[in-house]
1. Give just the number: which of (1) among the hydrophobic types (A, V, I, L, M, F, W, C); (2) open to solvent by 60 Å² or more (accessible area, probe 1.4 Å); (3) in contact with a His (Cβ under 7 Å, 6 or more places away or on another chain) does Val745 not satisfy?
2. Within segment 688-719, count every residue that is under 15 Å from Ile671 (Cα atoms) and either open to solvent by less than 10 Å² (accessible area, probe 1.4 Å) or touching a residue at least 24 places away in the same chain (Cβ under 8 Å) (or both).
3. Taking the stated definitions as given, is Pro788 open to solvent by 20 Å² or more (accessible area, probe 1.4 Å) and touching a Leu at 6+ places or on another chain (Cβ under 7 Å)?
4. Here are Ile215, Ile209: which of them is among the β-branched types (Val, Ile, Thr), open to solvent by less than 10 Å² (accessible area, probe 1.4 Å) and under 19 Å from Met439 (Cβ atoms)?
5. Pick from segment 469-486 the residues that are among the aromatic types (Phe, Trp, Tyr), in a loop (DSSP other than H, G, I, E, B) and more than 17 Å from Asn613 (Cα to Cα): which of them is most open to solvent (accessible area, probe 1.4 Å)?
6. Report those strands (runs of 3 or more DSSP E) wholly inside segment 587-704 carrying at least 1 residues which are touching a helix residue (DSSP H, G or I) at 6+ places or on another chain (Cβ under 7 Å), over 26 Å from Pro561 (Cα atoms) and β-branched (Val, Ile, Thr).
7. Of the numbered conditions (1) out of contact with any Lys or Arg (no Cβ under 7 Å at 6 or more places or on another chain); (2) in contact (Cβ under 8 Å) with a residue 60 or more places away in the chain; (3) open to solvent by less than 10 Å² (accessible area, probe 1.4 Å), Leu553 fails exactly one; give the number of that condition.
8. Please determine whether any residue of segment 647-657 is among the β-branched types (Val, Ile, Thr) and open to solvent by 20 Å² or more (accessible area, probe 1.4 Å).
Amino acid sequence: MDAPEPNGNSAPESLPPPPPVVPPDVVPLRAESEPVKDKVVRLPIARRGLATKGQKIPLLTNHFKVNVTNLDGNFSLYSVSLSYEDGRPVEGKGIGRKVIDRLQDTYDSFLNGKQFAYDGEKSLFTIGALSSKKQEFTVVLDEVTSNRNNGNGSPNGHGSPNDADRKRVRRPYNSKTFKVELSFAREIPMQAIASALRGQESEKSQEAIRVLDIILRQHASKQGCLLVRQNFFHNDPKNFTDVGGGVLGCRGFHSSFRTTQGGLSLNIDVSTTMIVQPGPVVDFLISNQKVSDPFSIDWNKAKRTLKNLRIRVEPGNQEYKITGLSDRPCNEQLFELRQKGDNGEWEMTEVTVHHYFTNTRRIELRYSADLPCINVGKPKRPTFIPIELCSLVSLQRYTKALNNFQRASLVEKSRQKPQERMATLTNALKRSNYAAEPMLKSCGIAIQSNFAQVEGRVLAAPKLKVGNGEDFFPRNGRWNFNNKKLVDPCKVERWAVVNFSARCDIRGLVETLQKCGNMKGISIEKPVEILEENPQFKRAPPTVRVEKMFDELMSRLPGVPKFLLCILADKKNSDIYGPWKKKNLADFGIVTQCIAPSRVNDQYITNVLLKINAKLGGLNSMLAVEHAPSIPLISKVPTIIIGMDVSHGSPGHSDVPSIAAVVSSRQWPLISRYRASVRTQSPKVEMIDSLYKPVPEADGTMKDDGMMRELLLDFYTSSGKRKPDQIIIFRDGVSESQFTQVLNVELDQIIEACKFLDDKWNPKFVVIVAQKNHHTKFFQPGAPENVPPGTIIDNKVCHPRNNDFYLCAHAGMIGTTRPTHYHVLLDQVGFTADDLQELVHALSYVYQRSTTAISVVAPVCYAHLAATQMTQFMKFEDASETSSSHGGVTAPGVVPVPQLPKLADAVSSSMFFC
């Protein structure tokens, strides 16, 4: 029967055959297709030559030369499949290494003593191939700790095991059998390392060096270290430092192989991670929640904090993973116990956990009776243990965001002066004992014990211009404005003060502000109004307090003020800050400066004035070559300088939208004034996705709603109706593996945005990545102080082919200076090495917020500031506390990303982020 048609009537009995499309004797011609243009994939450019400017200086670096004598063989990669004997895949982390170690011991003679480099998950490498492409092994482990527990009743199998568990309990306790399958995947020639050293990098060479790094990880794992990527942490209390809240800073070291112009080197650096305070669970919770005793603990919060942490249980020293807490206290929590009755028959009786441990197990419990138990079983088959028998295992990472106090404490306690750091690194290399690592030996790798020597150059600081046409020479990367006027001071008029903090002499503050402003050339009128917060609102939610303050303000002022000075009680944690900024910048278009003064002196007020002046359109100082203007290749051709950064949610808030910020220079030929464009995007996405954003209009045409359009239009209107013919991009926060995406995804969007404005416009591009997150440091031999500001290195430890250099632009006053690693990925303008390095150095001196050279170019710093400030507009954190409280990652793009509020026109082109 025919299927009914959609309207419910039956189809006709039969249909005529379709007419022929072409007569049977005609061969159809193939349509000529347009030749598809292959998209050119841009790759990072090669170094064009070394720079020579600057005073030469001998330096040491934390790279240790590696001699390689055997590059003739191959690494063989095998994929690893681990399962229990019943075929279930092994999911517990950390078991893989134990199983593979046991496999090597058990089958050593069968494997002819062949060594493995195992990454702990799915990949295993050998030097030379195994005897067959696919091999299966059976491995028995006696003491295995995994997410699964044998006997889900209570520890030591005294509960009520189900049938499957009962079968396992009959075996010697905690012995398990595993099946391991190794399948050959491919070969990686060791020669690829030699090619990389000649500058011919390929996937093979990256993989070969990854194998060497995996050998380092495995070596550290066998020494009992906590592994965090290529960072290794020993279980040594000497390396622990308390940062408060039950969190310890744990000092370890980073160790990885790098291909450099000087050959293969081992880069070793000090690194720090956060771990949970080991020891009794109760002590940790008291510290973590800052309470005085176990009976004041918030157990709902504790449940979230403890989930998935590992504990050791007394007596017996058995290790388990925490899955939750009991709903009732230990002396009320019942479970079914299987025991022999008076008649000798097995029977089930209900007992409390407390009764079982004190009466059956004869373990004295001092304080657990009224506290919840720790659950180490499954939610439906719990295994309860009194909390005082549980201690947290050492070296467990703490993955939540630190509070400001903890962060400050960690930074302070992690600092090391250059000589101290060098001693720590020398000890780390000795302790690692890489000479005893059999796989490194097989590769013929020998690591020298001396810091590599490199030659640096110290660039002269650029000359600055301040007020009254005066020239100014920074000394040691710093300068001050004592008895100097600002180069372009603003006027502070029609302004008011609002005070959310009780303790402040506002009259005195305003007088000091006016006096200091006058000395710097800033004319500051008397404020129109000074407003104190109404005490009845002090305990209201932050948004309500801001609304009430604005209502009061607007009722007292004749119109919208041009500037508001806001006094807050707390510098770091003020919950007023975000709502206040949003109200001012998005709703009213008012420039605002927040302060939380503890000590008001001339230095403090001068720093505040620098920010106010920049926000209101003034300029504090500028480069003399910018004033002339005589910047090579920039002053003669309209040039826009771009800074780009993406900021992500803090650890434990991984479903918070990421914030992309792009800043751009304006008023060419200046390179000291900037404006910003900021957007949200999917969490944890590093590539900026809204540089060019075509959106259909109602009339069917397209408009570009991307970030670049507004920045390019602003440059055009602020630079005398000139389009930039040169676009210099500084990109922050991307790793080497993302360089091609910056060149082929982000740069393509920028080109599209330019073409959308004018399809005949072909600007030239320079793309430079700035990296702070690397592990190369420089030291002055035999000197206690850091390298001088302006120190640049473009040899020996730099890339064998690519155009990169390290710059320490700032004066490192505390700790060891961290250089910025700049990678020039593209240069269509044709800078000489000297001119480009001098430009990057000069851009470290145009940061309007301070009177020092900064460690990374100002446009990158501004992009970071703009992203941070806009993050305050939207407090996403509250929503994500529960959903990813232990570092869980939400799939990008699942949740619609809330958009940031748009800045009001009056402030959209200001340096509001300063």
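The values are calculated or read from the model by the stated rules, or taken from the named source; none is laboratory data. Keep in mind that this is a model prediction, so the values were computed, not measured. All Cβ positions, glycine included, derive from the backbone under ideal geometry; neighbour counts span all protein chains shown. In case anyone asks, the SASA skips ligands and DNA or RNA and just uses the protein heavy atoms, side chains included. Shrake-Rupley method; radii C 1.70, N 1.55, O 1.52, S 1.80 Å.
1. In the conditions (1) among the hydrophobic types (A, V, I, L, M, F, W, C); (2) open to solvent by 60 Å² or more (accessible area, probe 1.4 Å); (3) in contact with a His (Cβ under 7 Å, 6 or more places away or on another chain), Val745 misses (3) alone.
2. Of the residues in segment 688-719, the ones under 15 Å from Ile671 (Cα atoms) are 711-712, 714-716, 718-719.
Narrowing further to those that are either open to solvent by less than 10 Å² (accessible area, probe 1.4 Å) or touching a residue at least 24 places away in the same chain (Cβ under 8 Å) (or both): 711-712, 714-715, 718-719.
Qualifying residue count for the region: 6.
3. Working: open to solvent by 20 Å² or more (accessible area, probe 1.4 Å): yes; touching a Leu at 6+ places or on another chain (Cβ under 7 Å): no.
So Pro788 does not fit the description; no.
4. On the way: Ile209 fails: open to solvent by less than 10 Å² (accessible area, probe 1.4 Å).
Going through Ile215, Ile209 in turn, just one is among the β-branched types (Val, Ile, Thr), open to solvent by less than 10 Å² (accessible area, probe 1.4 Å) and under 19 Å from Met439 (Cβ atoms): Ile215.
5. Phe473
6. On the way: elements: 591-595, 639-647, 658-665, 674-681, 694-696, 702-704.
Where strands (runs of 3 or more DSSP E) fall fully within segment 587-704 and carry at least 1 residues being touching a helix residue (DSSP H, G or I) at 6+ places or on another chain (Cβ under 7 Å), over 26 Å from Pro561 (Cα atoms) and β-branched (Val, Ile, Thr), they are 639-647, 658-665.
7. (2)
8. Start the filter on segment 647-657 by keeping residues that are among the β-branched types (Val, Ile, Thr), which leaves 656.
From what is left, the residues that are open to solvent by 20 Å² or more (accessible area, probe 1.4 Å) are none.
There is no residue in segment 647-657 that is among the β-branched types (Val, Ile, Thr) and open to solvent by 20 Å² or more (accessible area, probe 1.4 Å).
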